[in-house]
Each structure stands twice: as C-alpha cells, then as structure tokens.
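Before any comments, here is the structure.
What follows draws every value from the coordinates through simple rules; no lab data is involved. Note that the structure is a prediction, hence the values are computed from the model and not measured. Note: ideal-geometry Cβ built from the backbone for every residue, glycine included; neighbour counts use all protein chains shown.
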Amino acid sequence: MIAAAQTAYPDLSIRRLCAAFGAGRTWWYTQPTPDEIAERDTALRDAIERLVLAFPGYGYRRVTKALQRDGWDLNHKRVLRVMRDESLLCQLEHRFVRTTDSTHTLRTYPNLLTERELAGPDQAWVADLTYIRLPTTFAYLACVLDAWSRRCIGWELSRAIDTTLTLAALNQALASRHPAPGLIHHSDRGVQYASAAYIARLTDAGAQASMSAVGEW
C-alpha cells in the first residue's frame, strides 16, 4: 500500500507515508525489493515442485510441513495457492514430466531410420517434445531437428501439449527448409505426432512418417 501511495503521491516523503499508514520507517526500509520477492517466489515454486516430484502423493499440508522443516517460514494457505496456480496438486509428475502419450488408437508407422545412412541435410528430420521449467511458469517445447546436421530447424513453446504445438514447430521447419518429397519425419508414437492433422500436414509436404517402437528411439 505504501509503495502504491508513493507512486500516486511522489511529492510525499516516506516519513509522512509511513506515518499515514501507521508504519515505521525502519520497517519500510527493511522490506524486500520486487526483484527479491520474485526471486523468493521462484525459489518457493521450485522447492514445492521438487517435493511433489519426489513424493507424488503429497498434498499441500504435507508439502507445507516438509518446507517448514527445511526452514521456510510460511503457512499452508500460501502453499495451496502456489500449488493451485502451478497445477501441482498430486499430479505434477504425470501431467508435466511425461510428454509422450502413446496409449491411443491412431495409426502408427514403422521406423524408417533403422540402418538408414544419411548423406546430407533434409533427408530425415527428428521431432520431439520436452518439458521446460521457466523462472515464473512452465512450458512445453516442440522441436524439429535435421537428423544429419542435428540443427534445430523448427520449434515452438506452449503451455498446452497438443497437436497445435507440434504442428507449429513442423510448419516452421517446412517454411524455412522447403524439403523435397521423400523426406523422412521421425518421432515417437505420441498422439501429437499420430494425429490426423499432423499426418495430413506431412502428406501434403510429401514427407514419410516414421516412428520409434515403444521403448525405442
């Protein structure tokens, strides 16, 4: 409140603002800066995430107790708020770390890269998904790599792990490289790559779908 009042009334001194709100100047000058608050909030989110990954069945009360044992000065209401905002309530391990869902009924394709020797770029591309922890949130990264050069030729970030994400990365790669028909596009058997929309885009580009077997890459 004092910070907001200081912005609204820049001519008023800190002494007068503190007096108006019944706070001492010593208290004001010992308050953390916005950068310090953001850094502390990020550290708290990371600490909660590590606990939930290590103990997937922990609810917010058990997470709070564990954090307090580690020296955090907080209550269960704050932990609950963070866990709700970050979707960490007993499901982070399954929702955020696992990026491949091959339990679908869509058509899958044989691995065309087995014992295939590449002689140059744009003969085969490899597509994959990964989870990224950012300073204030999380995201999924879809990448398309040229299998010969290992260069990233298309990518996209999103909070949603769906075909829209993988298609965006594929379209970027197609727009930048314009591969000749016959390109091998290799991926896992995830639903994002087996979907009708994704396969249709590969077909339009003259590319061949190739997928790794379960437990293989």
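Assigning unit charges at the beta carbon (Lys, Arg +1; Asp, Glu -1) and nothing else, what dipole magnitude in debye, to the nearest 20, does region 102-216 show about its Cα centre?
Computed charge dipole of region 102-216: roughly 200 debye.
Between Gly57, Trp72, Leu44, whose Cα lies farthest towards the positive end of the dipole of region 42-85 when Lys and Arg beta carbons carry +1 and Asp and Glu beta carbons carry -1, centred on the Cα centre?
Of the options given, the answer is Gly57.
Determine, from the Cβ-Cβ distance of Cys152 and Arg107 and an R0 of 30 Å, the FRET efficiency 1/(1 + (r/R0)^6), rounded to the nearest 0.05.
Step by step, r from the Cβ atoms, then E = 0.65.
Cα-based Rg (one decimal) and Dmax (whole number) for region 124-211, in Å?
Rg then Dmax for region 124-211, in Å: 12.5, 42.
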